[in-house]
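Each value in this text was obtained by applying a stated rule to the coordinates, not by laboratory testing. For clarity, every value in this text was computed on a predicted model and none was experimentally measured. Cβ sites come from the backbone with ideal geometry, for glycine too, and all protein chains shown count toward neighbours.
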């Protein structure tokens, strides 16, 4: 008899275990199918930064350096330059001619986003930055910039008549 | 006979304006025929100390707006100073609502010259300047003729009226800046600089034009002096109320039947001036408000107007006698528009030297223009009052105060009109309130 | 001792000098009264109304910046009313201020920002349209952004009162009033940038620094300007191996807030693309880049070879190299090569002055003396052009203390505006004119005499004799041209003088050749030129001489070189320099330029390669030796180490005269030129006034 009991007990245990399996098979999956399918992100997920553009395609960044000042891991490097009428890159008087983020060091804390007075730098949802070569982890402005809105032209060439300084 | 600015009123006490209306009243002969230069001769006789004490007794107070006792001002000028002393007439009459000095200069310029000569004796000065408002272009030509006549007839120059007294008078035209009516800005402008007020102390009496002791008074103040010397300070003081000697030229404008310049003794009842001297309000409309002494004075409501027009009574009522420019506003007046008009003037005239006045007037003008258009919230009305108070007493010179005081009073006393305007525009669906 | 008064500030009893300004008294007590328009040393304005305080018995708030303290005054600086007033002033100021701090160059070091943080409102109640005017460019170095301007009039005052140029004024009135150049739409001035520096906000910005970086992104290195001899302190802002700006950020040193166009903008030669970055060796008639070791070895071998066969070696030294380098070079020449053929371009006759003073130690003026002296006499120099700091000091002295200045020059100079007497003197007749001032000068309580290169040799002796005969204390400044002209002669870079003005005979040597003699000596074997350009206007007689050049730029002399060592500029090295008044100050290394080495390193490495032991070639060690060995250089180390200026007093006995008139000549650099350095500074050559002209300014009478 003990044998039979043992068999029944085992069968019951298997049935119990399989019942979970079968039940879950019918429920919708909660696992991301990454990399076969794109992963889902919460809205506020802090991924690879995106440098935003305004509605005209101008870069929002005016190279104020506040993000780099706020950065606890000092991973943002900026060089500023002046917008000129023939070559207008950003909405302000100044734009970032160089904007590098070193993802070897970035801790994705979001302080840069908080510091930004023009909402230029934001966290995107990109995360696939693993690399065998650390040099490729220094992202340049071109890699960070949001795509141009359709029809926009940057640098903008302004050909307007000079306006007098009246009042 | 020349056509006067306005018909004189029988209720007037005509002292300074007694020659107004005489034929060729601006000519030396007319002046001499009506007692001219008697005061000057008497002043030479009695000497500086006596002159100053007579002026003190007369309780004459500066007619330019601030109302500082004239005799005291004269006594501050050091007579034995190594530098020359200057007599300067402030004829930069630019206060909106005020138009008395032009009449004094136009119809009785010798009275002014005689007043200057007496002041010259009082502080031992040999040079006088008349700083005439730039917009009074015609008066400059007129005064040039007068001064020329005075020189050619020996009433100015090395030997005034044969008495051996030496005095020269120069005319100087302003360039259209209200700010240059402020005495120290006037001095800067006179010296050829940008008309910006100076730091006080030192006061002009000690260090004025070209760092020399300078006696600076309004046209009307100087014009009153010959009468004081001739008839005695006591007599002049008796015309007015205690501490407020004499008469003054009140320029009544606005909603009255007979606007004009009237010479009334100090302490004259304001309502009587409006309803009897100036002939009352057209169409029998009701009085709404009065600006008692030029646009820089706080506005009085109709109910507050039952008072005597002297420096102290008006101060008690929370306003000022100012420069005598009385603006009467009847019930049809839009007080928001009035506040805007006043602020627009001060914004245009602010010299830009100090921050509160430069920025405050511009900001307030923009806000008042917006409120006048009915755009805004009740909080904006509070902000107008608050900004004006922030200007008050903190500016470099009195221009900031002049802009703030009427605005504060209008916002406080006629707040309902601001609100009504906002409401009506909101009701019309034009804007949203709140 | 001035009369003291007792007053009460915020409840505390305070003693202060009668008539002192309340704002200064409070500052000394550690109580801050905020202000924009108040600036120490400039005329009072009371325009910004930030400094309002409560004073008992006065009905209105009083501006602390114009209120003299008086006995029994009771002042309150910390009451709700005052807080309210400050808040409202800032609110008014910010009404039309554009709030473009993120792009404004001043952001991070802006007084308006600081004040708003400390005293201002959190948010703006100004909802109207802001008054806007487009930005204007007034000169290559000065830009003006009207909306940011708070009209504190500091720029107008520093230009008029401080520099004496009067290039700025105020136009319009009310809210549209604006600062404007006197010449309509552009500046014609000294381009000194003092207006930019003094601007509390970002209204005036520098064309060189504009939109380049932010203040906190730079390393700020306080060093000494390498152009003229005045020795102004300058703070270099360095980022990524590049100098981005220069200003005397902490207003320390002998120049306070002052810097001229060269100090403020003339630093760009450092990052010039034309800098020599590699040693060069002439091979087959052409200069080819080689390694340092190859170049050093070549020079060392040549020198050793010439030394062994008793050949002739000459050294032409620099006016810009540090004292340590100069000292080490003369040691290399004298000890290493037993040669006294060492000289530099001398621009003033300091040697005769020191000889004529015959050991007096109190007769050399410092820069500070020029601000304190009751009277001064300027002979044969266009001070505002050639010695801008000294001019600034004299002018400030006149403004603040009504000091009396006498001028004897061959043409109009700016000091004539405030001089009590100014005489015209043809070159060579200056002393006659000075003699005619004898009566005036002898009535002065004291005098500082500044003289240019026209007074040399016997004339210096006659001038000192004249000074002695006045019967009043007289101090002298022998005007020189370059940043270390004084240090060069002090360190014995002369054929007849050892460091400290000791005769070469003391070292058992014969005097060597001067520059002219070296250039004319056809049998010269080696000529080593350090940071100088003697071949610009001369030719080298010795066709076959081996020429070694330490240079930053491949100018005329470098083109003739057989070996070129790329040298570091003064901004790339440690060390000390001595200014025109003999004040020793330390250089701080601000950056490293790829490929260049300091001259000290080059000398040390060559000596090592030659197998000569001249001691360590670290600046600190050499300076220690200088302090030990060079007469008058035993200066206080702490003073120098903390960025101060310590005057060297090289006077304790007569020195041998070696003056030969034709050897001493100023280069006549103006405010906008600076020898070779100036040629390679685009900033300097870009201004309208470049190259400038001596004796052409300040013609107007006051």
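DSSP beta bridges in the stretch B:28-239, what fraction antiparallel, as a percent rounded to 5?
On the way: 3 of 20 bridges.
In the stretch B:28-239, DSSP labels about 15 percent of beta bridges as antiparallel.
Looking at the stretch C:4-78, I'd like the Rg to Rh ratio, where Rg is from alpha-carbon atoms and Rh is Kirkwood's inverse mean 1/r. The partial results should precede the final answer.
Working: Rg = 11.2 Å, Rh = 12.2 Å.
Result: Rg/Rh = 0.92.
Quick one: angle between helix B:378-391 and the longest Cα principal axis of chain B, in degrees between 0 and 90, rounded to 10, please.
20
Rg and Dmax of the stretch C:285-347 over Cα atoms: what are they, in angstrom?
Cα-based Rg and Dmax for the stretch C:285-347 come out at 13.5, 36 Å.
Which of rounded, prolate, oblate describes the stretch A:48-144, given a ≥ b ≥ c as roots of the alpha-carbon gyration tensor eigenvalues and a/c under 1.5 marking rounded, otherwise prolate only if a/b is larger than b/c? Can you show the working numbers first?
Working: a/c = 1.83, a/b = 1.65, b/c = 1.11.
Because a/c hits 1.5 or more and a/b exceeds b/c, the stretch A:48-144 counts as prolate.
Distances over 22 Å make up what percent of all Cα-Cα pairs in the stretch C:490-598?
48
Can you compute the equivalent ellipsoid semi-axes for the stretch B:96-196, i.e. the square root of 5 times each eigenvalue of the Cα gyration tensor, sorted largest first and rounded to whole Å?
Working: eigenvalues 119, 52, 27 Å².
That gives 24, 16, 12 Å for the three semi-axes.
State, to one decimal in nm, how far the label point of residue C:292 lies from the label point of residue C:252, with both points 7 Å from Cα in the Cβ direction.
3.0
Rounded to two decimal places and with Rh computed the Kirkwood way over Cα pairs, what is Rg over Rh for the stretch B:335-427?
Numbers: Rg = 12.5 Å, Rh = 12.8 Å.
Answer for the stretch B:335-427: 0.97.
With a ≥ b ≥ c taken as the square roots of the eigenvalues of the C-alpha gyration tensor of chain C, please select rounded if a/c is under 1.5 and otherwise prolate if a/b is larger than b/c or oblate if it is not? Can you show the working numbers first?
Details: a/c = 2.13, a/b = 1.60, b/c = 1.33.
Since a/c reaches 1.5 and a/b is larger than b/c, the shape of chain C is classed as prolate.
For a quick check: sort B:222, A:108, B:165, C:672 by the number of other beta carbons within 10 angstrom, fewest at the front. Write down the numbers at each step before the final one.
Values: B:222 30, A:108 15, B:165 18, C:672 25.
Taking fewest neighbouring Cβ atoms as first place, the list is A:108, B:165, C:672, B:222.
To two decimal places, what compactness ratio does the stretch B:28-239 give when its Cα radius of gyration is scaled by 2.2 N^0.38 Å?
Here the Cα radius of gyration is 0.93 times the empirical estimate.
How long are the three semi-axes of the equivalent ellipsoid of the protein assembly as shown, in whole Å, if each is the root of 5 times an eigenvalue of the C-alpha gyration tensor, listed from largest down? Mind dumping the intermediate values first?
Numbers: eigenvalues 944, 535, 114 Å².
In descending order, the three semi-axes are 69, 52, 24 Å.
If we restrict to alpha carbons, what Rg and Dmax does the stretch C:106-186 come to, in Å?
Cα-based Rg and Dmax for the stretch C:106-186 come out at 14.6, 41 Å.
log10 I(q)/I(0), Debye, Cα-only the stretch C:170-215, no solvent, q = 0.16, 0.34 Å⁻¹?
Each listed q corresponds, in turn, to -0.56, -1.28.
For each of B:74, C:216, count neighbouring Cβ atoms within 10 Å of the residue's Cβ, then give the residues from fewest to most. Intermediate results must be reported in sequence, preceding the final value.
Numbers: B:74 22, C:216 13.
By the 10 Å Cβ count, ascending, the order reads C:216, B:74.
Give the share of C-alpha pairs in each 10 angstrom bin for the stretch B:52-144, from 0 to the last occupied bin, in whole percents, shortest bins first.
Percent of pairs per bin, in order: 15, 44, 34, 8, 0.
Restricting everything to alpha-carbon atoms, can you work out Rg to Rh for chain A with a Kirkwood hydrodynamic radius? Don't skip to the end; give the middle numbers.
Details: Rg = 26.7 Å, Rh = 20.1 Å.
So for chain A, dividing Rg by the Kirkwood Rh gives 1.33.
Express as a percent, rounded to the nearest 5, the fraction of DSSP beta bridges in the protein assembly as shown (both residues included) that run antiparallel. Mind dumping the intermediate values first?
Values: 83 of 146 bridges.
Around 55 percent antiparallel, to the nearest 5.
Arrange A:18, B:367 by Cβ neighbour counts within 10 Å, fewest through most, would you? Before the final figure, lay out the partial values.
Working: A:18 11, B:367 23.
Sorted ascending by nearby Cβ count, the order is A:18, B:367.
Send over the per residue convex hull volume for the stretch C:314-384, Cα only, as a whole number of Å³. Provide the component values of the computation, followed by the final result.
Working: hull volume 11.0 nm³, N = 71.
Per-residue hull volume (Cα only) is 154 Å³.
For the stretch B:247-330, what is the relative contact order in percent, using Cα pairs closer than 8 Å and at least 6 residues apart in sequence? Walk me through the numbers on the way to the answer.
On the way: 181 pairs, mean separation 30.4, N = 84.
Relative CO of the stretch B:247-330 lands at 36 percent.
Modelled label-to-label distance, residue C:125 and residue B:175, 7 Å Cα→beta-carbon offset: nm?
Inter-label distance under the simple model: 3.6 nm.
Could you estimate the translational diffusion coefficient of the stretch C:73-141 from the Stokes-Einstein equation, with Rh from the Kirkwood formula over C-alpha pairs, at 20 °C and 1.002 mPa s, in whole µm²/s? If you can, show how the numbers build up before the last one.
Working: Rh = 14.3 Å.
It diffuses with D of about 150 µm²/s by this estimate.
With angles folded into 0 to 90 degrees, how steeply does helix B:109-123 sit against the dominant principal axis of chain B? Use alpha carbons for both and round to 10.
70
Cα-based Rg (one decimal) and Dmax (whole number) for chain B, in Å?
22.3, 78
Would you please classify the overall shape of the stretch C:350-479 from the alpha carbon gyration tensor, given that a ≥ b ≥ c denote the square roots of the eigenvalues, rounded means a/c under 1.5, and beyond that prolate means a/b larger than b/c while oblate covers the rest?
On the way: a/c = 1.36, a/b = 1.17, b/c = 1.16.
In terms of gyration-tensor shape, rounded.
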